[in-house]
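Visitor: For reference, the structure I am asking about is given below.
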């Protein structure tokens with residue numbers, strides 16, 4: 001999805017801080033934002049969010065750009081445009097005719113948690129997304145939706161801490177520069193093209 005969107009001329013960055021972990025920005029502040037611009041439209045996704053949520057955020061921000069509206073997601077979900085972009089992303093990621101086949105067997109909170117998690121995993125989506133869809137469909141009220149959303153967020157933070165601790169005990173790991181290049185996406189290609197162009201110009205000037 002990212003490659004296809006970048007091929008359309010939109011830069012997609014994965015960035016959740018201002019340059020170091022000391023400036024990490026929580027997903028409660030922003031999950032992503034879109035900068036609508038005719039020449040260089042940008043989508044930035046908070047990579048501190050779960051990877052399962054990145055695709056949803058990507059489509060949400062793409063909807064902002066199609067509307068020609070700069071916006072930030074994760075803080076003002078009650079705004080009309082945010083609701084609309086959420087609905088677009090939800091339908092794209094999980095069409096209603098498919099989701100309507102999912103009916104929780106019980107609304108007992110523990111059963112609900114388990115069945116939402118299982119369904120989300122089988123569709124490679126976040127549990128928070130499935131919870132949101134249940135709320136939109138009217139299966140659960142706003143209070144239960146927010147309670148489940150908090151539960152899944154806390155659970156994800158716990159899992160992330162466990163993985164982070166395990167990674168500390170491992171030797172090696174992914175190359176820092178490869179990771180950073182991945183996060184910058186198509187912006188790297190632009191830098192390379194510009195550098196190659198400037199190098200050719202310099203060589204051309206020297207030979208003449």
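All of the numbers you see were taken from the coordinates with simple rules; none came from a lab. All of these numbers come straight from a predicted model, not from anything done at the bench. Virtual Cβ from ideal backbone geometry, glycine too; neighbours counted across all protein chains shown.
Visitor: Using a 10 Å cut-off around each Cβ, can you sort 10, 178 from fewest to most neighbouring Cβ atoms?
Guide: Ordered by Cβ neighbours within 10 Å, fewest first: 178, 10.
Visitor: Sort 109, 5 so the one with the fewest other Cβ atoms within 10 Å of its own Cβ comes first.
Guide: Taking fewest neighbouring Cβ atoms as first place, the list is 109, 5.
Visitor: Take every Cα pair under 8 Å in the range 1-79 that's 6+ residues apart, average their separations, divide by the length, and report that relative contact order as a whole percent.
Guide: 32
Visitor: When the expected Rg is taken as 2.2 N^0.38 Å, what fraction or multiple of it is the alpha-carbon Rg of the range 1-79?
Guide: Computed over Cα atoms of the range 1-79, the ratio equals 1.04.
Visitor: Give me log10 I(q)/I(0) at q = 0.13, 0.27 Å⁻¹ for the range 94-173, Debye formula, one equal scatterer per alpha-carbon, no solvent.
Guide: Calculated log10 I(q)/I(0) at the listed q: -0.46, -1.39.
Visitor: Now, a different point. Could you give me the radius of gyration and the Dmax of the range 40-131, taking only the C-alpha atoms into account and expressing both in angstrom?
Guide: Cα only, the range 40-131: 14.4, 48 Å (Rg, Dmax).
Visitor: What ranking of 36, 105 emerges when the number of other C-beta atoms within 10 Å of each C-beta is taken as an exposure proxy, fewest first?
Guide: 105, 36
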